[in-house]
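Q: Got a structure here, written out as structure tokens. Questions coming.
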Amino acid sequence: MEPDIGTFLAACAYAEREGLRVVDLLPADLPVEHALGLLRLVDPPAYRRDPLASGRGAGHAVLVERDLLVRAGLSEDERPGRPEMLELVRTLKEYAPHATGLAVAPGLRCAPPRPAADRPAVDRAAELRAQGLPPRPLALAQAAGLALLAGAAARQGRWGAVAAGLYWLQPYAVLGGPAGPLHPADLPRTTATRPAGSLAAAVRTFRRTTGTGTAGSRTPGTEAANTRAPGTAPAGRAPRAAGAEASRAAYRAELALGTDRFLEERRSDCPWCGSVRLAVRVTVPDLLQGKPGRFVLEQCADCGHTFQNPRLTPAGLDFYYRDFYDGSGGEGAGALFGRLGDSYRARAEMLRPYTDGPVSWLDVGTGHGHFCTVARTVWPATRFDGLDMGEGVRDAERRGWISRGYQGQFPDFADKLAGGYEVVSMYHYLEHTRDPLAELSAAATALSPGGLLAIELPDPESRMAGLLGPLWLPWFQPQHQHLVPARNLREALADRGFTVLAEEHGPAHQGNDFVGAVALATTWLAPDPDSPWAAPAPPARRPARYAVRAAALPAFAVAAGLDAVRTAAARRADGGNAYRMLARKDAA
């Protein structure tokens, strides 16, 4: 859509006044379902303040600074359709996380809509995908909600009818006020036909997506930044460009050789203290993605260290990480990290009593730099650099979420970075490494005297580990190699010349014990048949899997309530499923 010169100049003036580099322009006659869909995804007052909020817009016109467009690798000569525009805004928001906004342009008018028979199924599915949303689950959820509403209207008498009426009139309640900035031209027609129209659109969207399988949703995790197994080679990704069939063929070829080759020989002593008094703590399959294989975590009777034994080889780590943080799983991982802004801020705030503001900060295991871009709102004068094995660190550098990115293993960079940082952070990183003690030594080398080391880890001494057994999410097999008790970490830091300044358990708790258990159980009982590593299954099994996933929905609701209670208790008693530790490198 090409705005007129008056709209363009007004948008430029608005962007300059508000300090924005990207402005998505909403036509005043934006269709009802587009407007309601946008309002479901965006809290306008908070959108600009949240650097991790996914870029959202109407998909009609975007004002963007030319240099930002170039830096994002986009061309101003393109004339994309609405799905491409929606995806464009998501990309631009990543490059201007603190300077992206929305505005209604009264002079902008939507293009005439295509006939309904051509539009709902194709466009809606494409538009949902462009916004990083799964069309099939959302279509099912919409149909299920309408069915529940109809059942309530039929069985609950007056109050059921009131609920149905409120749903029917929602467009007028939200968009019908004369003082509102939006005045959809289709408001009367859409409101009159809303229940039937919504159901028809959901059915057509689901039919459109059936058979176009994706890799499925990802398990909600405890991970906060890491995108590649530390100590492994760069990603051997499934060939996304060649399409889903090529990805399946690549996995079939690898799995034909078996998964035993991905495991080293079992070791007979503890990698932390050397004791030979080991016992199996838990045996669990890959419940994160449903890839073949079983993994054993053993615990040392002397120091309490829990570790994967036998551990994965570097090739095994690459196989089990593939399509989790990138590839087919990259979308879900990015969405998860985008919801952890409060945790990122809490980590950055932990340093306030001990520094007036560090000049330099290295975030190890930075992934795509989510923590750094949020921490910059707490420490705006600090230079944040990142280190990671994955390609995400380069993306973070290009987007400006970090000032400089190092791709590789931390111990290999330690001498080069010696004494160069006032803060080094390792948030949910050490548990992924093959040698956590070497990583701590690297941190001691990279820090200047008096520098601060911030660490966050799962707590293997959490009571929930025993209660939930193999369904305790922080086991996170097969990615987690080591789970370190807090006392062991304190001793290892002291051995390397650190003084522990602060330790937090309750504030570090991640409220996902019960929801994570339900998610893992669902993957266990009903693995995604569309994942490229899934074994071929008879068509009759597919409905059974859908039935299991549908039956899990009430369990998720109950689990969310239990997690809320559990989180409140953890905060109050300073005990949870993770802990943070802050230590200072002694000058000597």
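Q: Grab the Cα-Cα distance for ALA335 and ALA147, subtract it from 0.36 nm times how many residues apart they are, and report the gain in nm with one decimal.
A: 64.8 nm
Q: Which residue, chosen from LEU417, PRO45, ALA375, occupies the Cα position most advanced towards the positive end of the dipole of the chain, where the dipole is computed from +1 (Lys, Arg) and -1 (Asp, Glu) charges on Cβ about the Cα centre?
A: Selected residue: PRO45.
Q: If I fit a long axis through the Cα atoms of helix 436-446 and take the longest principal axis of the Cα atoms of the chain, what angle between them do I get, 0 to 90°, rounded to 10?
A: Helix 436-446 and the main axis of the chain meet at about 80 degrees.
Q: Can I ask one more? What is the extension gain from THR499 to ARG207, computed as 0.36 nm multiplied by their sequence separation minus the C-alpha to C-alpha distance, in nm to one decimal?
A: Working: separation 292, 0.36 × 292 = 105.12 nm, distance 6.04 nm.
Stretched out fully, the THR499 to ARG207 stretch lengthens by 99.1 nm.
Q: How far is helix 5-18 tilted off the main Cα axis of the chain, in degrees rounded to 10, range 0 to 90?
A: 30 degrees
Q: Moving to a separate point now. Can you put LEU140, LEU74 in order of accessible area, largest first, using a 1.4 Å probe?
A: Descending order: LEU140, LEU74.
Q: Same structure again: So, R0 is 25 Å and r is the distance between the beta-carbons of ALA569 and ARG352; what FRET efficiency does that work out to, to 0.05?
A: 0.45
Q: Just how large is the dipole of segment 1-120 about the Cα centre, in debye to the nearest 20, putting +1 at every Lys and Arg Cβ and -1 at every Asp and Glu Cβ?
A: In total the dipole reaches around 260 debye.
Q: Quick one: putting +1 on the C-beta of Lys and Arg, -1 on the C-beta of Asp and Glu, what dipole do you get for the chain around its Cα centre, in Debye to the nearest 20?
A: Magnitude of the dipole: close to 1740 debye.
Q: Keeping every protein chain present and rolling a 1.4 Å probe, give me the accessible area per residue for the chain in Å².
A: 44 Å²
Q: Just going by the charge dipole of the chain, with Lys and Arg at +1 and Asp and Glu at -1 on Cβ, which of PRO458, VAL62, LEU312 is farthest out on the positive end?
A: VAL62
Q: Let me know the shape class of segment 238-349, please: from the alpha-carbon gyration tensor, a ≥ b ≥ c as square roots of the eigenvalues, rounded when a/c is under 1.5, otherwise prolate if a/b is greater than b/c, or oblate. Show your work: numbers first, answer last.
A: Working: a/c = 3.02, a/b = 1.24, b/c = 2.44.
Oblate shape, in that a/c is at least 1.5 and b/c is the bigger or equal ratio.
Q: A further question follows. Report the full-extension gain for the segment SER403 to HIS183: residue separation times 0.36 nm, less the Cα-Cα distance, to one decimal in nm.
A: Stretched out fully, the SER403 to HIS183 stretch lengthens by 74.9 nm.
Q: While we're on this one: For the chain, what is the percent of antiparallel DSSP beta bridges, rounded to the nearest 5?
A: Taking every DSSP beta bridge with both residues in the chain, the antiparallel ones total about 55 percent.
Q: Here is a follow-up. What distance in nm separates the simple spin-label points at ALA154 and ASP302, each placed 7 Å from Cα in the Cβ direction?
A: Going from the ALA154 label point to the ASP302 one covers 6.9 nm.
Q: Show me the trypsin sites (Lys or Arg not before Pro) within segment 367-436 that DSSP assigns to loop and that have at most 13 other Cβ atoms within 10 Å of their Cβ.
A: LYS416
Q: Moving on to the next point. Using the Cα centre of the chain as origin and beta-carbon charges of +1 (Lys, Arg) and -1 (Asp, Glu), tell me which of GLY176, VAL558, GLY165 is placed farthest towards the positive end of the dipole.
A: GLY165
Q: At 7 Å along Cα-to-Cβ for each site, give me the label-to-label distance between VAL280 and LEU39 in nm.
A: 5.7 nm
Q: So, one more: Can you compute the FRET efficiency between ARG266 and ALA537 using 1/(1 + (r/R0)^6), with r the Cβ-Cβ distance and R0 = 35 Å? Round to the nearest 0.05.
A: 0.60
Q: Compute the Cα gyration tensor for the chain, then decide on rounded, prolate or oblate, letting a ≥ b ≥ c be the square roots of its eigenvalues: rounded whenever a/c is under 1.5, prolate when a/b is larger than b/c in the other cases, and oblate in all that remain. Don't jump to the answer; show the numbers that get you there.
A: On the way: a/c = 1.87, a/b = 1.41, b/c = 1.32.
Here the chain falls in the prolate category.
Q: With r as the distance between the Cβ atoms of ILE5 and ARG294 and R0 = 56 Å, compute the FRET efficiency 1/(1 + (r/R0)^6) and round to 0.05.
A: Computed FRET efficiency for ARG294 and ILE5 comes out at 0.30.
Q: So, one more: List the residues of segment 462-480 whose backbone N lies under 15 Å from a point placed 7 Å from the Cα of LEU562 along the Cα-to-Cβ direction.
A: 463-474
Q: Same structure, new question: Using only the alpha carbons of segment 439-588, determine the length spanned along each of the three principal axes and report them from longest to shortest in whole angstroms.
A: Ordered largest first, segment 439-588 gives principal extents of 68, 36, 21 Å.
The values are calculated or read from the model by the stated rules, or taken from the named source; none is laboratory data. Keep in mind it's a predicted model, so treat the numbers as computed, not measured. Note that each Cβ is placed from the backbone with ideal geometry, even for glycine, and that neighbours are counted across all protein chains shown. Surface areas here come from the heavy atoms of the whole protein model, side chains and all, with no ligands, DNA or RNA. Shrake-Rupley method; radii C 1.70, N 1.55, O 1.52, S 1.80 Å.
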